Each structure stands twice: as structure tokens, then as C-alpha cells.
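The values are calculated or read from the model by the stated rules, or taken from the named source; none is laboratory data. Just so it is clear, the structure is predicted and the values come from calculations on it, not from any experiment. All Cβ positions, glycine included, derive from the backbone under ideal geometry; neighbour counts span all protein chains shown.
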Amino acid sequence: MSQPTIESILNEKRLFAPPADFVQKARINSPEAYQALYDKAKADPAGFWAELAETELHWFQKWDQVLDWQPPFAQWFVNGKLNITHNCLDRHLTTWRKNKAALIWEGEPGDSCTLTYAQLHREVCLFANVLKQLGIKKGDIVGIYMPMIPEAAIAMLACARIGAPHSVVFGGFSAEALRDRLNDGQAKLVITADGGFRKDKAVPLKAEVDKALANNAAPSVENVLVVQRTQEKIPMEPGRDHWWHDLRQGVSAVCPAEPMDSEDVLFVLYTSGSTGKPKGVVHTTGGYNLYTHMTTQWTFDIQDEDVYWCTADVGWITGHSYIVYGPLSNGATSLMYEGAPRASNPGCFWDVIEKYGVTIFYTAPTAIRAFIKMGEHLPNGRDLSSLRLLGTVGEPINPEAWMWYHKVIGKERCPIVDTWWQTETGGHMLTALPGAIATKPGSACMPLPGILADVVDLEGNPVPDNEGGYLVVRHPWPSMMRTVYGDDNRFRRTYWEHIAPKDGQYLYFAGDGARRDGDGYFWVMGRVDDVISVSGHRLGTMEIESALVSHGAVAEAAVVGKPDDLKGEAIVAFVTLEGDQIPNDALAQELRQHVVAEIGALARPEEIRFSEALPKTRSGKIMRRLLRSLASGQEVFGDTSTLEDRSVLDKLREGA
Ligand code: WT7
């Protein structure tokens, strides 16, 4: 092979079979059942998805063609007509689910409400009629900049009901980020709230919208619809700004679902990309509905009795696919929580699980690492016996964090699904099926049915088992992104050209390194942009970090390379310690030795830098790019607008 791939040094051998009582009730309940489904999909992808589309979704009009694939542009269920809100709402009203809880919502201050399917349907229809009154028509893009309140989900569904693509911007983003996204999509309306409650404070949102729109900086926006949440006094601009509670008065709650073409845009969602302007990831209706519906069933094994809680914000793809569309399409009960662990109540998540008897809990490694730091006494002080399944998403999870999750939260009874996917993929790609596949800590396990995942070199050739390479997908799947909004070339360049098309076959590659082991399990090794090259060995960040985290003193670790005359790059590790640990040279030396003992001398960090916190994006991912600049003594360059807490960076600089 002419080019280096990535070397794997992680040696994780633990295996956890699905618990017998879980298997008993699971839809897919054996390795053979998984394999049969996988093989069926592989043999005839179009036939496989068509059968599911037929049996699992309601269509106003059937498609003429299942898949039209003009690489890299796919169309699924060509000329089919449907409305995702019909599948998420209307069709449940003719069943016993009419009065089942669709959304359970808990606010940070302790207020709460439950909306049944009938109630949610009514609210969505009413909201949709208000959108129409504000002049929103099919095809108009609507910006949504909301706290985690039911109206956020209602607004998304109302847009989908009338065929107005939504563009949700995470409420933690600044006015500038909001303005760029509104302008890129030429949004006509912004739906927001006066503010939301987060970490015991009323966080203003409308004020950010005002800043974003000031001086006519987002000229496409004609109106702002404001939901009252915090009751803080806010200025309202006459003619432009409208209170939701005013406009809804006297409005009809009858609003038929607009028949949408399967390929009509459902939403645009921006993903930062490491540099450059954010990419508007475009998702369309039919394929996205089907894939999020199926993966909610497969991955979460969702059942009617479940109380399912995904802790993401609706501003991320996780919230779109697995708080709103996937669960509701299945008629499940989805819990939304406004708050975050905070000084006044660091154990609030465990309170919510106890209060509602949550059965399925889906969160991120960054949250798990924070729970570990806060201590076991918090979850141990609550009754978590309702839980039956745990999930994680967003980053590779270090095996020791996985073990903690398994023991302390799951009490060794709950399978853990480690779901690898992306904003671009729309839904889960690699995961365990909890009733069928034994899990390995740190592995995202297997591709879902219909996902032809592989690990290849730069020329697209599969690499041998246990060698690292580029994680790719070989065949289109229903919820794949269709393009970058307004920029087909960027779509092609970013995802389809890094690995050259081979024999006319296009490979989807979105930036992660991985290896597959001899049992067919995938191990995601982190972003290939972050790979460190030591003496000609290309090492993924995740494995070295996992070795550090497996030391009892370490809470969190991020490793980066810095230029080194001899080795090419030398490893620098940024480490945060468990609460009771004191940073000193002896500990640094011990950690270096620990890494050597765990994975070998090659991975020995040249330098260990202790820090109180690591720089993260607002979605909780460690920003290694910034650490790389710091490690090599350079000024931090590039976009830092997605950084959650700037002071972390300043402190790291001072320490340098
Ligand atoms: C990137 C996508 C998918 C929703 C949340 C993030 C990383 C995500 C895993 C996982 C290892 C993971 C990848 C991926 N990632 N899940 N289970 N194991 N890495 O969406 O912001 O689009 O980020 O997150 O690097 O490419 P996103």
C-alpha cells in the first residue's frame, strides 16, 4: 500500500452479552436475526427499503422508483408523496395511542407538562395555521432558535406540516452564528423565545435575535415569532415581532398535512466543519422519515411502554432524529428536559429518571465524563431501576467511561448502544442492536441493515482486519444528506472525493478513522484530521486518550501532536484530574508510564499538561485543533465561535 493508514494500539477484550430478560422481549433478538436482516438488505437494498417504506409509513401516493442514484446525488422514493407529521401524529390518533403521552417535558425550574398525541397534534396544527398567517408558504425556510421547551418541537413539526423547511439553530449559539445561518438559508421567519432556563439562569434568546437582525443584517427575515418562557421583559419591535400567545388566539386547530414530495426538503441543519463557513446539511422527507423510524426501532428496541429520554438539544441532529421525528413516528413517549446538571442540582438527570421512570437513556460521552467527575453518590442516591437500555453518541467513548456507565448507571443490567453517526447521515449507522449483539466497551459495533460500511485506504481498498483506515459507506441509504445547501460542489468535494471513486463506485467519507476487528466490530478512532504521526506511525487520538482515562486519577484527556524534529510529531496530552487529585510532576511521570504499560512506548506522551477543563464545542466535543496550536506554541487560529467556554482557552494559554 502506498500511503499510510492509521495504526491501532488499543487492546480491549471485554465482551458483554445482551442480558437474557432484554433478549426475551427484543424485536431483533439474536445474532442470526441481525445477520439475516443485514444480508437481506445487502442483497437487494432497494427492495429492502421499499418493503419497510410500505409497511412502516403512510404515503399519500406511492413512489415510482425506490432509488435514483446519480452519484453523489441520491433520490429515494421518487414521486412518492407523504407528510412526516402525518406519520408522527395523525396516524396515531386513530389508535389507542391517541391519549398516550407523546412528549413529557420537564423544565429546569421544576415546571413540567405532558402532551398526548391528540394534544400535540392540535398544538402543531394551530401553530402551522399561525405560520400561514405570517405568510409562510411551502418551500420558505424558517429559522428556529429556541430553548428546550415543547414549543421547539411543536414549531419544527408545524413547519413540516406545511412544507416549510426548518433551520434550527442551537440556542447556545451567538447572534453572529445565528445571523450567518439565517442568511445562508434566506430564512423568512425566526421562531424564538424570550429566553430559556439553563444552569439556574434565564438565558436571553430574543436579545440575540435582535442583535442578529440589527441594521438589517439578515434582510430576508420578515417576522419574529416569540414564545414566552422566562417572562423577562424584552423589547418587541412593532410590525416585526409577535407573541405566540397573542397570535394563537382564535386560530383554527384544523390544518391538513401538506402532501410533500419524498424529496422535498424537510430541514437544513448547519454543521460547523473544522474550518470555513458552516455547511447547511440538507435532509429530505421520505428517506429521512423511514430511516429515523427504523433506527429508532432497531437501535433502541423501542416499545409502547418505554419512557425514552434523549438528553440532546433539538438544535442538534440527535434532537431532530431521536427526540422528535424517530420516536414520534413510532408512537413512542419522548422526554424533553430543559436543564443541565448545575451547582444547585448536579444530580438533576437522576431525578428526572426516577421521577418519570425513564427506561431508555441516551446521552453523550462528554456528559458521562462529567458524571464521573461529579461522583457516584449522585446516581446512587436515586432509584434508577426503571432503566433497561443506555445509549451514547457524539464521540468515541473511552472504555473506562463505558464501564462506569455500565456499572454505575446501568447496574450491569442494561445493554449500552454506542451509536456512530453524523449530522450528514441523518440517523444511526454503526451500533449494537441491544438484543442481538454483544457489546465491547469503546466499539460502535456493527453497521445497521442497509449500511455497507467499510474501512479502506486512500485508494478505496479495504484494509485488513485490525488495521486502521478510513471509515466509509459504499451504498446510498435513505437518510443520507442530499447536498450542502446551495453548494453541490462543496458537497461533492467534502464527502465524495477524498477517496477516489473506484470502478464507478462512489464511497461516502466524512472524516473518521476506524478499524474493524476479527469479529467484524468497528472501532471509531476519531477524526482523521486529528491523527498524530509519531516516527512514521499514524496514531488515532482515541486510543491514547483511553489509556490515560483508564488511570484512576484521570477524568478526561485530549492528546494532540506537536512538531518534533526527530519523530515528526510528539504526543502532548492535556489532562483533567478527578476531584481529589493534585497535579504534580510525579503524577505526570506516572501517567506517562501508565500509557507505556497499557499500549506501548510508541504512545508515550512527551508532555503532560494538567488543566482544569478542556476546550469543547457547544455540542461537547473536544476541540483538538485549538490544543494543537497551544501545544506547538502557536497563536490559536481559525474559527473559535463554536467554543463553549472561552475562559477555558484563556486559562490554558496562561498555563502554557
Ligand atoms: C461526528 C459527527 C451524530 C450526532 C451527534 C454528532 C463523532 C459521533 C460517535 C460515536 C465515535 C462518534 C464522529 C462523527 N461521533 N458519534 N458513537 N463514536 N465517534 O453529530 O456533530 O455531525 O458529529 O461525531 O467523529 O463524524 P455531528
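Taking the condition closer than 26 Å to Arg646 by Cα and either in contact (Cβ under 8 Å) with a residue 12 or more places away in the chain or of a type outside the set (Lys, Arg) (or both), does Val575 pass? Give the steps one after another, and end with the answer.
Numbers: closer than 26 Å to Arg646 by Cα: yes; either in contact (Cβ under 8 Å) with a residue 12 or more places away in the chain or of a type outside the set (Lys, Arg) (or both): yes.
Judged against the criteria, Val575 is a match.
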Exercise for review: For residues that are out of contact with any helix residue (DSSP H, G or I) (no Cβ under 8 Å at 6 or more places or on another chain) and either in a strand (DSSP E or B) or of a type outside the set (Lys, Arg) (or both), tally how many sit in segment 109-125.
Suggested key: 6
Study note, to complete from the structure: Among helices (runs of 4 or more DSSP H) entirely within segment 357-423, at least 3 residues that are within 24 Å of Arg624 (Cα to Cα) and either in the same structural domain as Gly511 (by TED's automatic domain parsing) or within 12 Å of the ligand (Cβ to nearest atom) (or both) occur in 365-374, 399-404
Practice item. Hey, can you tell me all the residues within segment 133-150 that are more than 22 Å from Leu213 (Cα to Cα) and either assigned to a helix (DSSP H, G or I) or among the acidic types (Asp, Glu) (or both)? Key: Pro150
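For every residue, the table says whether it meets (1) within 15 Å of the ligand (Cβ to nearest atom); (2) under 21 Å from Thr425 (Cα atoms); (3) touching a helix residue (DSSP H, G or I) at 6+ places or on another chain (Cβ under 8 Å).
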position: Val281; (1), (2), (3): yes, yes, yes
position: Gly286; (1), (2), (3): no, yes, yes
position: Met294; (1), (2), (3): no, yes, yes
position: Val307; (1), (2), (3): no, no, yes
position: Cys310; (1), (2), (3): yes, yes, yes
position: Gly326; (1), (2), (3): yes, yes, yes
position: Asn330; (1), (2), (3): no, yes, yes
position: Glu338; (1), (2), (3): no, no, no
Revision key, fill the gap. Filtering segment 484-505 for residues that are surrounded by fewer than 20 Cβ atoms within 10 Å (Cβ to Cβ), of a type outside the set (Gly, Ala, Ser) and in a loop (DSSP other than H, G, I, E, B) leaves a count of 5
Study note, to complete from the structure: Considering residues that are surrounded by fewer than 21 Cβ atoms within 10 Å (Cβ to Cβ) and more than 28 Å from Tyr508 (Cα to Cα), the number found within segment 411-448 is 3
Study note, to complete from the structure: From the option list Ala558, Ala603, single residue qualifying as away from the ligand (no atom under 16 Å from the Cβ), at pLDDT 90 or above and surrounded by 16 or more Cβ atoms within 10 Å (Cβ to Cβ) is Ala603
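From the list Ala118, Ala175, Ala187, exactly one residue is among the hydrophobic types (A, V, I, L, M, F, W, C) and more than 28 Å from Gly486 (Cα to Cα). Which is it? Full working, then the answer.
Numbers: Ala175 fails: more than 28 Å from Gly486 (Cα to Cα); Ala187 fails: more than 28 Å from Gly486 (Cα to Cα).
None of the other options fit; the residue is Ala118.
With the condition being aliphatic (A, V, I, L, M) and more than 22 Å from Arg618 (Cβ to Cβ), I'd like the helices (runs of 4 or more DSSP H) fully within segment 206-302 carrying at least 1 qualifying residues. Spell out the reasoning first.
On the way: elements: 206-213, 244-247, 286-300.
Qualifying helices (runs of 4 or more DSSP H): 244-247, 286-300.
For every residue, the table says whether it meets (1) over 17 Å from Ile141 (Cα atoms); (2) among the polar types (S, T, N, Q); (3) surrounded by 14 or more Cβ atoms within 10 Å (Cβ to Cβ).
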position	(1), (2), (3)
Ala214	yes, no, no
Pro219	no, no, no
Glu222	no, no, yes
Arg229	yes, no, yes
Glu237	yes, no, no
Trp244	yes, no, yes
Gln249	yes, yes, no
Ser252	yes, yes, no
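Can you list the strands (runs of 3 or more DSSP E) found entirely within segment 506-576 that contain at least 3 residues being more than 22 Å from Leu591 (Cβ to Cβ)?
Numbers: elements: 508-516, 522-527, 532-534, 537-539, 554-564.
In segment 506-576, 508-516, 522-527 are the strands (runs of 3 or more DSSP E) which contain 3 or more residues that are more than 22 Å from Leu591 (Cβ to Cβ).
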Review point. Mind checking whether some residue in segment 331-353 is in a helix (DSSP H, G or I), of a type in the set (S, T, N, Q) and buried (at least 24 other Cβ atoms within 10 Å of the Cβ)?
Key: no
**Study point:** Yes/no for Ser641 being surrounded by fewer than 16 Cβ atoms within 10 Å (Cβ to Cβ) and within 16 Å of the ligand (Cβ to nearest atom)
**Key:** yes
